[in-house]
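The structure appears right after this line, and notes come after that.
Please treat every number below as a calculation from the coordinates, not as lab data. Nothing here was measured: the structure is a model prediction, and the numbers come from that model. Glycine gets a Cβ as well: all are built from the backbone with ideal geometry, and neighbour counts include every protein chain shown.
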Amino acid sequence: MSHTLFQISTSGQGLYEFTRDVKRWCHGQGDGLLTLFVQHTSCSLLIQENADPEVQTDLKEFFARLVPPTTHSTMSYLTHTYEGPDDMPAHIKAALMPVSISIPVIAGVPMLGTWQGIYLFEHRDRPHDRRVVAQFLGES
């Protein structure tokens, strides 16, 4: 078993790919299971298409419409508003999306599909430094 911590700096809402970092860390690990877990309550982890950037744009726009800021009239029922109009919606988005993912690894290579990338999905407007814990459980 081995583990590491990925630090991901964000500059606002959107998807931040860190597939290369994960692949680099997995190199030489052998066969096993990689688990990634984000240590925050206002962002998520996703495996998503990494070929066409319009996919990331559309996902960001979809979730912005699904859960708008607390300043939007449809969100007036929310009470957790003192950290900004994007905070409670960020918690809701994180509750709807995964905060951990598992990926099989064979011969040190994460078994991602051709167009799949690993993303941190930032749900807050301001920049953040996010931590993603990686744990590799190899065959004994």
For segment 2-138, Rg(Cα) over 2.2 N^0.38 Å is 1.12
Per-residue Cβ contact counts at 10 Å, fewest first, order T74, T57 as T74, T57
Extend 7 Å from the Cα of W115 along its Cα-to-C-beta direction; within segment 46-60, residues with backbone N under 13 Å of that point are 48-56
Filtering GluC sites (Glu not before Pro) in segment 29-95 by DSSP loop and by at most 16 other Cβ atoms within 10 Å leaves E83
Relative contact order in percent for the chain (Cα pairs under 8 Å, 6+ apart) equals 54 percent
With DSSP loop assignment and no more than 12 other C-beta atoms within 10 Å, the chymotrypsin sites (Phe, Trp or Tyr not before Pro) in segment 42-85 are Y77, Y82
For segment 7-58, inverting the pair-averaged 1/r of distinct alpha-carbon atoms gives a Kirkwood value in Å of 13.2 Å
Residues S2, S44, S76 in order from fewest to most other beta-carbon atoms within 10 Å are S76, S2, S44
